[in-house]
Amino acid sequence: MSEFSLTNPPLICVAARVQFMPVESMASYVPALQEALRLNGYPVTVDPIKTKNWRIDEVAGSGMNVAFQEFDRWDFSNVEKTVIIRLDKLSVSILFTAYDHFANAEPHYRNIFSMVESVIQSLLPQVYQLRYVGYIPCEVESDPSEWVTPSVLGMPNLGELQRVNSISETSFETPEGGRLVTRCISLGPKHFTLPPDLLPIDAHVRYPLESSVPFLLLENLHTQTAHPTPFTAESCLAQLSELRRHNAEVFQATITTKALELWK
């Protein structure tokens, strides 16, 4: 486990996701899981919403077949709405909007994954994913390179040509065969400050979803194929801890010394 952590991280959201073999009967497990969550600190339930996914299949002789999937998603949370649990037939996700240290999030991970393990038995994980989304406001006079290293800022402004809504993306392959993508998104004011696939999110967020000043959105997304073992709370924690180690490496290489001093 990486020991790197920040006391005042510029985070909007930390999202951990475990994708498993599809459970078509997931709705039948929801009442028992909802009751377990309610009794263990997560009593808030939101009516199911339809989540939308693209499915891309290789079709022999005809290339790729792209299909659109729509299925139910159930959201639960603590009273403060700073810990969100999302469940659908393909995955369980835990989102933190008041994240500071892994040590403080770990009891939530263990508690929630333990309830999922107990209620929905024999899940078979396929993919683990850990995602950090950071928000860095930039005043008009501020240079983004004061916060983020120039190598990840993408194309600069060119004279009278002012960059708008640009995205710089770098991919890494980890020794374990995982894939880590870091994105630096430069947006003007009044844009949403969360990636669309995380919305809608009924949660208390540290920073407003709309901004009156330009900002950078810094996102690290690490994905790792699961080992062929059953779903357990401890295996999920071990995998997320490993994903976190590589995320921390990339984050430290992305931000400047000035930013690190401010956020540590």
Worksheet item: Hey, what's the Kirkwood Rh for region 175-236 if you take every pair of different alpha carbons, in angstrom?
Response: 14.6
Worksheet, complete the sentence: What the Cα atoms of region 114-264 span along the principal axes, largest first and in whole Å, is 58, 36, 28
Worksheet item: Taking K190 as the anchor, which aspartates and glutamates have their alpha carbon closer than 20 Å to its alpha carbon, excluding any fewer than eight residues away along the same chain?
Response: E139, E141, D143, D202, E210, E219
Worksheet item: Hey, what angle do you get for helix 102-119 against the long axis of the chain, alpha-carbon based, 0 to 90 degrees rounded to 10?
Response: 30
Worksheet entry | Residue (of P230, Y42, P175) at the positive-pole extreme of the chain, dipole from beta-carbon charges | Y42
Worksheet item: Using alpha-carbon pairs under 8 Å, 6+ residues apart, how would you state the relative contact order of the chain in percent?
Response: 26
Worksheet item: Across 5 Å bins from the origin, how do the percents of Cα pairs in the chain run, short distances first?
Response: 1, 5, 12, 16, 18, 17, 13, 9, 6, 3, 1, 0, 0
Practice prompt. Could you give the size of the charge dipole of the chain about its Cα centre, using +1 on the Cβ of each K and R and -1 on the Cβ of each D and E, expressed in debye and rounded to the nearest 20?
Written response: 220
Worksheet item: Cα axis of helix 30-39 to longest principal axis of the chain: angle in degrees, 0 to 90, nearest 10?
Response: 70
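Each reported figure results from applying straightforward, stated rules to the coordinates on display, with no laboratory input. In this text, all values refer to a predicted model and were calculated from it rather than measured experimentally. Cβ: placed from backbone, ideal geometry, glycine included. Neighbour counts: every protein chain shown.
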